[in-house]
1. Can you find, among Leu57, Leu73, Ser20, the residue farthest towards the positive end of the dipole of the chain? Put +1 on the C-beta of Lys and Arg, -1 on that of Asp and Glu.
2. For Lys26 and Asp13, calculate 0.36 nm times their separation in residues minus their Cα-Cα distance, and state this gained length in nm to one decimal.
3. Relative contact order, percent, of the range 2-81 when contacts are C-alpha pairs under 8 Å separated by at least 6 residues?
4. So how do 1-14, 49-62 stack up, highest first, on mean other-Cβ count within 10 Å?
5. Report the full-extension gain for the segment Lys33 to Ser72: residue separation times 0.36 nm, less the Cα-Cα distance, to one decimal in nm.
6. Quick one: dipole size for the chain, taken about the Cα centre, charges +1 on Lys/Arg Cβ and -1 on Asp/Glu Cβ, in debye to the nearest 20.
7. Can you compute the helix-only [θ] at 222 nm over the chain? Use -39500 (n - 2.57) per DSSP H run of at least 4 residues, normalise by all residues, nearest 500 deg cm²/dmol.
8. Distance between Cα centroids, the range 1-41 to the range 48-83: provide it in whole Å.
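Please treat every number below as a calculation from the coordinates, not as lab data. Here the structure is a predicted model, which means the values were calculated and not measured. We place every Cβ from the backbone using ideal geometry, glycine too, and count neighbours over all the protein chains shown.
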Amino acid sequence: MKKINDLAKLVFDRVDSDKSGYIDAKEHSTLFKNISAELGMGNPSKEESAAETFKNLDTDGSGKIDLNGFKSLVREIIKLQFK
């Protein structure tokens, strides 16, 4: 689990392009598109899927995802990859 958390922190720091300590919707959308392309996921409504995923991770409605929320996303991606 520590390796996953370390990986999540590394990616989080790269995705957080404005270095605010949070990932906003725009940063998340860019990440979502890159992951979708990398995993060979199709192109159907990526913007809608990214927005829906962001909404699910933005549990407090602040318009931002913190590191803990991002770790949840990374764990889900890893689960999907190894399904």
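1. About the Cα centre, the residue reaching furthest to the positive side is Leu73.
2. Numbers: separation 13, 0.36 × 13 = 4.68 nm, distance 1.48 nm.
Result for the pair: 3.2 nm of gain on full extension.
3. Details: 59 pairs, mean separation 30.2, N = 80.
So the answer I get is 38 percent.
4. Numbers: 1-14: 12.6, 49-62: 14.4.
Answer by packing, highest mean first, reads 49-62, 1-14.
5. On the way: separation 39, 0.36 × 39 = 14.04 nm, distance 1.78 nm.
Between Lys33 and Ser72, full extension yields 12.3 nm more.
6. On the way: 14 positive and 14 negative charges, 85 e Å.
Dipole size: approximately 400 debye.
7. Calculated mean residue ellipticity at 222 nm is -21500 deg cm²/dmol.
8. Between the Cα centres of the range 1-41 and the range 48-83 lies a distance of 10 Å.
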